[in-house]
Amino acid sequence: MHELSIIELKDKIAAGEVKSADAVKSVFERIEKHDPVIGAYISTFKEGALKAALDVDERIAAGETVGALAGVPIAVKDNMCVSTGKTTCASKILENFEAPYDGHVIEKLKEADAIIIGKLNMDEFAMGSSCENSALQQTKNPWDVSTVPGGSSGGAAAAVAARMCFGALGSDTGGSIRQPASFCGVVGLKPTYGRVSRYGLVAYGSSLDQIGPLTTTVSDAALMMNVIAGHDKRDSTSISTDVAPVKDYLDGIDQPLDGLKIAVVPELNAGASQQVKDAIEKGLDVYKGLGAEIVEVAMPNVEYAIATYYVIATAEASSNLARFDGVHYGHRTEKPKDYIEVYSKSRAEGFGTEVKRRIMLGTYALSSGYYDAYYLKALKVRNLIRQDFTNAFEKADCLMMPVSPTTAFKIGEKTDDPLEMYMADIYTIAVNLAGIPGISIPCGFDDGGLPIGLQILTEAFTEDRLLRIARMFEKQTEYNTKMPKL
Ligand code: GLN
């Protein structure tokens with residue numbers, strides 16, 4: 001059963017051929033067997049999931065209409081608030097935090113009758129690219145357990161790759177859906193900024209954060225988008241559907257784009273490893289075989305994306321994380337001398353090293369003497385980067401590039417050098433600075449059998465076209481059907 005896509009499974013459940021309860025049992029058998037090694041889940045909701053599945057089965061047997069994901073086991077990254085269970089953000093400070101409400105996407109999943117089976121590991125507060133910053137556990141890459149699954153949505157990518165859920169939701173501030181999807185050989189979509197409400201998502205960089213699906217097929221990502229996309233007045237950045245209507249992302253997904261023009265950025269690609277470059281070239285050949293034309297473009301400002309992002313994201317993080325003060329949420333130090341110690345000790349004990357580094361960097365960038373030099377400058381460069389994308393989309397329908405310069409690296413290989421880890425975000429973070437949608441789809445393997453992702457980018461609010469372009473590739477290749485040997 002675990003080899004089915006979401007669409008295959010939900011069709012079988014709707015037709016009464018498969019019981020949702022059996023799908024849930026099968027998924028938990030896999031979790032119990034493989035997760036002690038992989039470590040993707042921080043918590044699971046077995047009892048609640050079985051109960052919800054039995055309810056869906058009963059409603060289907062009674063001939064009732066059910067939702068678009070009826071009976072399908074789905075897992076979510078542990079920075080999305082659920083009313084049943086914990087929301088830890090993989091941090092000691094929230095280790096025992098129970099949110100009193102469901103986030104917007106959780107409500108949407110429930111309305112669609114999906115079965116929420118558990119919460120997935122991540123880098124603490126979504127800061128990182130390897131899950132090594134999780135304060136709770138290290139997730140391993142199912143393709144090679146000595147390597148990282150990527151991050152920060154590493155638990156989500158690993159769980160989908162190991163078929164320990166049928167699909168998952170992650171969040172992407174600077175690549176955290178696409179990069180782990182690439183490392184684990186699954187599909188990961190970061191929608192346009194504003195397309196999916198972040199109400200109930202613990203904020204990291206508010207001008208960058210976006211929720212999106214991780215799945216085994218492009219069509220499954222489209223189906224999940226149908227469920228989660230739309231306007232929500234509780235998130236002030238959520239776009240009105242009058243301005244940007246929500247499409248049916250499955251409608252026409254199998255229709256190739258005629259006369260497709262693909263832009264590539266040769267100077268940018270030069271930074272990737274030879275094996276990654278080769279896989280991207282082969283990927284482009286697939287599109288050429290389908291009649292696509294490749295055009296070269298320059299994006300002169302993207303080289304400043306890392307510096308820009310790490311000023312803006314840390315500035316926003318320092319402000320967002322001020323709410324974890326030992327009073328409002330989570331951990332409080334035991335015997336504070338005075339109220340200053342309530343704050344300082346609770347935070348010192350609760351946050352990990354990377355989170356502290358970013359709070360300090362961000363506070364520094366926002367401080368009165370440095371605001372103009374760093375933060376304001378970064379905002380200006382952000383506009384230039386956005387302009388690079390606008391220029392590229394005047395010449396082509398989409399951009400294609402690697403997701404990450406390398407395949408999954410060894411656990412521990414980069415932990416001593418945070419800057420080296422930041423540098424590896426070069427292909428993903430400019431996309432968040434520009435707010436446009438991006439997808440990673442499996443496009444090959446390196447010599448060691450580790451997956452490689454192809455990144456495709458289109459203009460804001462054109463996820464329908466993005467998914468169609470991705471689907472063109474998937475129909476011609478079989479990379480997404482390969483599974484890690486566990
Ligand atoms: N790796 C980037 C960071 O550490 C992106 C993380 C993310 O997208 N949440 O900030």
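When we screen GLU3, GLU17, GLU32, GLU58 for residues that are modelled with pLDDT of 95 or more, closer than 18 Å to THR216 by Cα and surrounded by fewer than 19 Cβ atoms within 10 Å (Cβ to Cβ), the only hit is GLU3. Within segment 42-52, does at least one residue satisfy the condition of being surrounded by 22 or more Cβ atoms within 10 Å (Cβ to Cβ), under 30 Å from LYS482 (Cβ atoms), small (Gly, Ala, Ser) and touching a Gly at 6+ places or on another chain (Cβ under 7 Å)? Looking through segment 42-52, none of the residues is surrounded by 22 or more Cβ atoms within 10 Å (Cβ to Cβ), under 30 Å from LYS482 (Cβ atoms), small (Gly, Ala, Ser) and touching a Gly at 6+ places or on another chain (Cβ under 7 Å). Of the helices (runs of 4 or more DSSP H) that lie entirely inside segment 375-455, those containing 1 or more residues that are under 18 Å from the mean Cα position of the chain (by Cα) and of a type in the set (Val, Ile, Thr) span 426-434. Here PHE473 fulfils each of the conditions (1) within 16 Å of the ligand (Cβ to nearest atom); (2) touching a helix residue (DSSP H, G or I) at 6+ places or on another chain (Cβ under 9 Å); (3) not hydroxyl-bearing (Ser, Thr, Tyr) apart from (1). Can GLU303 be described as closer than 17 Å to ARG386 by Cβ and of a type in the set (D, E, K, R)? Yes. Quick one: is ILE262 buried (at least 18 other Cβ atoms within 10 Å of the Cβ) and more than 22 Å from the chain's Cα centre (by Cα)? Yes; evaluated as a whole, the condition is true for this residue.
Of all residues in segment 322-352, those satisfying the criterion of being in a loop (DSSP other than H, G, I, E, B), out of contact with any helix residue (DSSP H, G or I) (no Cβ under 6 Å at 6 or more places or on another chain) and of a type in the set (Asp, Glu) are GLU334, ASP338. Of all the listed residues (GLY252, GLY188), the sole one being within 20 Å of ASN432 (Cα to Cα) and of a type outside the set (Phe, Trp, Tyr) is GLY188.
In segment 221-245, the residue that is nearest to the chain's Cα centre (by Cα) out of those that are of a type in the set (Val, Ile, Thr) and buried (at least 18 other Cβ atoms within 10 Å of the Cβ) is ILE228.
Taking the criterion of being within 16 Å of the ligand (Cβ to nearest atom) and either over 27 Å from SER91 (Cα atoms) or out of contact with any Gly (no Cβ under 9 Å at 6 or more places or on another chain) (or both), would at least one residue in segment 367-374 satisfy it? No, the conditions are met nowhere in segment 367-374.
The values are calculated or read from the model by the stated rules, or taken from the named source; none is laboratory data. Keep in mind the model is a prediction, meaning the values are calculated, not measured. Don't worry about glycine lacking a Cβ; one is built from the backbone with ideal geometry, like all the others, and counts go over all protein chains shown.
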